[in-house]
Amino acid sequence: MRILALIDDPGVVRRFLEHLERWTPEASERGPPAVVPIWPTNAVIPFTYHPVPDIA
């Protein structure tokens, strides 16, 4: 197998991909951000903090 040509012109690449029906234009807008739950769904007990005395 040999390389016959390298096509680096974006316009030509786009025309090839449109001809092969492989061109997908970029999305014009982004979707809303995903909702992050405040509390993890797999958590059973709340996280607690117990102060540790300074022994030094």
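A short reminder: the numbers here are calculations on the coordinates, not readings from a lab. Small disclaimer: the values here were computed from a predicted structure and weren't measured. Positions of Cβ are backbone-derived with ideal geometry, glycine not excepted, and every protein chain shown enters the neighbour counts.
Counting other beta carbons within 10 Å of each Cβ, put 26, 21 in order, fewest first.
In order of increasing Cβ crowding within 10 Å: 26, 21.
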Original post:
Mind listing which trypsin sites (Lys or Arg not before Pro) in segment 1-42 are in a DSSP loop and have 12 or fewer other Cβ atoms within 10 Å?
Top reply: 2, 22, 30
Original post:
When Lys and Arg each count +1 and Asp and Glu each count -1, what net charge do the other residues less than 14 Å away from residue 23, Cβ to Cβ, add up to?
Top reply: 0
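What ranking do 35, 12 get, fewest neighbouring Cβ atoms within 10 angstrom at the top?
Working: 35 6, 12 10.
Neighbour counts put them in this order, fewest first: 35, 12.
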